[in-house]
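> Could you have a look at this structure, given as structure tokens, before my questions?
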Amino acid sequence: MLYIGPTKILMNKKHILLAIIVAFLSACQPSKIIEFDVTATGLSDGVFSVKDQGQQTVFGENIKDGKCTVKKQLDEQGFYNLDVVKDGALPHTPFEVYLEPGKYTVTVDAHKLFKYPKIESSSKKQQEFSNYYAIYDDIVGNVRAQTTELNKKLEESGKKLPENEYRSLVAKLEATQEKARNAEFTVLEQFVKKYPESELAAHLMAKQNYTDFPEKYLKLFNTLNATAKNSEEGKEISKKLALTVSLSPGKKAPAIEGKFFDGKSFAAVKAGKKLFLIDFWRSVNQFSRTNHDDIKTVYEMLKDRGFEVISVSMDKKQLWWATAVKDDKLPWPQISDLKGNDSPNAANWNITTIPTYYLVDKDWNIYMKDISLGSIKLEATQYLEKH
């Protein structure tokens, strides 16, 4: 008869206890498995995909007989882009979703793949996304579909059309895009009213062109809850809106940092002038320098009526700046702090593209911001006729 001593029995008990603890801890660990059950009735040649914010595919599967399933580990919960596509369908923007472990039942209309899918999930954030896009489809969906159709028509036959038909098509596209852009605010406004505690509100606002309508977006932003406001996106929106509102027409224009090329004082440059074109440019930017030829025409026409140009160089190298000024024979005041994109001028005037133009009145108040080159002559002339 085999004898097992007490030490051996104790060790076996320890092993059993350890195994129980490991099993218990494993059972307590949250699952990282995500499952997609996709239905696209009538679609036999489609592809279901999910990409991360870097556009890398993390999940993908062919759709056969209107169905596909995916069950895999989700390494990190968060925002992703989900899509269902098929050859020959109208192109559309992928749909943003919030993914966390669990089951997602996705239903798409095979004939309207541009519409946000019906997504059922236990994820609260995804439920809010779905609610947002339900409102979006009611208000913006049809306009977006028209935009997509017009874009496709331009790509396929735009160059073959007579000039007048081509321009008409472009004008129609621009009008439709503007209509959709304005409607996006209405969607967000309705969503915030319906879900005032939503943590996604700032994220959804960040996806819109909120700086184009800063005052009404700031008013809406101020109604968001503390969680949305204090998110990283919320803080960024708050900062940008405050800056954009401060640069609205009628507001005091920021000071311009730097020294004038010819050593003049700012007071001397402003003396006796009624309207200033503030020209943010860079010597290596060809558009900046080509546009100066058009600005010269306006300058010569209006300089005796109180019109002045102040070119603010965003260069870092003195030689490059000086050479461009001399080579282009620029007759108006030139100023720079030679700090390039790190210049306070870039931040204070919200310069994100070069060139950028502002019109500023004699009291150094903003008259027009981010004005196009083609509008300078008309706007400056009309202002000087009234002043």
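> Go through the stretch 117-128 and give me each residue that's farther than 19 Å from residue 74 by Cα and buried (at least 19 other Cβ atoms within 10 Å of the Cβ). Before you say what the answer is, go through the steps one by one.
Quick first cut of the stretch 117-128, residues farther than 19 Å from residue 74 by Cα only: 117-118, 128.
Result: 117, 128.
> Here is a follow-up. Filter the stretch 284-294 for residues that are out of contact with any helix residue (DSSP H, G or I) (no Cβ under 9 Å at 6 or more places or on another chain) and assigned to a loop (DSSP other than H, G, I, E, B) and give the result.
285 - this is the single residue of the stretch 284-294 that is out of contact with any helix residue (DSSP H, G or I) (no Cβ under 9 Å at 6 or more places or on another chain) and assigned to a loop (DSSP other than H, G, I, E, B).
> Please work out which one of (1) exposed (fewer than 15 other Cβ atoms within 10 Å of the Cβ); (2) touching a residue at least 40 places away in the same chain (Cβ under 8 Å) is the condition residue 168 fails and give its number.
Exception for residue 168: condition (2).
> Taking the stated definitions as given, is residue 173 under 20 Å from residue 132 (Cβ atoms) and either assigned to a helix (DSSP H, G or I) or among the aromatic types (Phe, Trp, Tyr) (or both)? So that I can check it myself, show each step before the final result.
Numbers: under 20 Å from residue 132 (Cβ atoms): no; either assigned to a helix (DSSP H, G or I) or among the aromatic types (Phe, Trp, Tyr) (or both): yes.
No; evaluated as a whole, the condition is false for this residue.
> Mind listing just one residue for me: the one in the stretch 360-372 that is aliphatic (A, V, I, L, M) and modelled with pLDDT of 95 or more and, of those, farthest from residue 244 (Cα to Cα)?
Going through the stretch 360-372, the residues aliphatic (A, V, I, L, M) turn out to be 360, 366, 368, 371.
Among the residues that remain, those that are also modelled with pLDDT of 95 or more are: 360, 366, 368.
Values: 360: 16, 366: 12, 368: 13 Å.
Across the stretch 360-372, the extreme among qualifying residues is 360.
> Could you say whether any residue in the stretch 122-134 is in contact (Cβ under 8 Å) with a residue 12 or more places away in the chain and in contact with a Gly (Cβ under 8 Å, 6 or more places away or on another chain)?
yes
> Residue 80 versus (1) of a type outside the set (S, T, N, Q); (2) modelled with pLDDT of 95 or more; (3) in contact with a Ser or Thr (Cβ under 8 Å, 6 or more places away or on another chain): which is the lone unmet condition?
Residue 80 satisfies every listed condition except (3).
> Let me ask another. Return a yes/no flag: does the stretch 137-145 have any residue that is at pLDDT 80 or above, in contact with a Gly (Cβ under 6 Å, 6 or more places away or on another chain) and within 30 Å of residue 37 (Cβ to Cβ).
no
> Further, regarding this structure: Take the conditions in contact with a His (Cβ under 9 Å, 6 or more places away or on another chain), acidic (Asp, Glu) and surrounded by 15 or more Cβ atoms within 10 Å (Cβ to Cβ) and apply them to residue 184. Does it pass? Please lay out each step first, then the result.
Values: in contact with a His (Cβ under 9 Å, 6 or more places away or on another chain): no; acidic (Asp, Glu): yes; surrounded by 15 or more Cβ atoms within 10 Å (Cβ to Cβ): yes.
Considered against the rule, which asks whether it is in contact with a His (Cβ under 9 Å, 6 or more places away or on another chain), acidic (Asp, Glu) and surrounded by 15 or more Cβ atoms within 10 Å (Cβ to Cβ), residue 184 comes out as no.
> Does any residue of the stretch 306-324 turn out to be of a type in the set (D, E, K, R) and within 28 Å of residue 386 (Cβ to Cβ)?
Applying the first criterion (of a type in the set (D, E, K, R)) to the stretch 306-324 yields 308, 315-317.
Restricting the remaining residues to those that are within 28 Å of residue 386 (Cβ to Cβ) gives 308.
Yes, the stretch 306-324 contains a residue that is of a type in the set (D, E, K, R) and within 28 Å of residue 386 (Cβ to Cβ).
> For the subset of the stretch 269-283 comprising residues that are modelled with pLDDT of 95 or more and not in a loop (DSSP other than H, G, I, E, B), which member is surrounded by the most Cβ atoms within 10 Å (Cβ to Cβ)?
281
> Given the criterion out of contact with any strand residue (DSSP E or B) (no Cβ under 9 Å at 6 or more places or on another chain) and either assigned by TED's automatic domain parsing to the domain that holds residue 323 or closer than 30 Å to residue 222 by Cβ (or both), identify the matching residue among 240, 273, 251. I'd like the intermediate steps shown before the answer.
Values: 273 fails: out of contact with any strand residue (DSSP E or B) (no Cβ under 9 Å at 6 or more places or on another chain); 251 fails: out of contact with any strand residue (DSSP E or B) (no Cβ under 9 Å at 6 or more places or on another chain).
One residue alone meets the criteria, 240.
> Another question, if that's okay. Are there helices (runs of 4 or more DSSP H) fully within the stretch 189-232 with at least 2 residues that are aromatic (Phe, Trp, Tyr)? List them.
Those helices (runs of 4 or more DSSP H) span 214-221.
> Let me ask something else about it. With the structure loaded, tell me whether residue 231 is farther than 27 Å from residue 379 by Cβ and free of Cβ contacts under 8 Å to residues at least 12 places away in the same chain or whether it fails that test.
Numbers: farther than 27 Å from residue 379 by Cβ: yes; free of Cβ contacts under 8 Å to residues at least 12 places away in the same chain: no.
So residue 231 does not fit the description; no.
The values are calculated or read from the model by the stated rules, or taken from the named source; none is laboratory data. If you're wondering where the values come from, they're calculated on a predicted model, not measured in any experiment. Here Cβ is always computed from backbone atoms with ideal geometry, including for glycine, and neighbour counts include all displayed protein chains.
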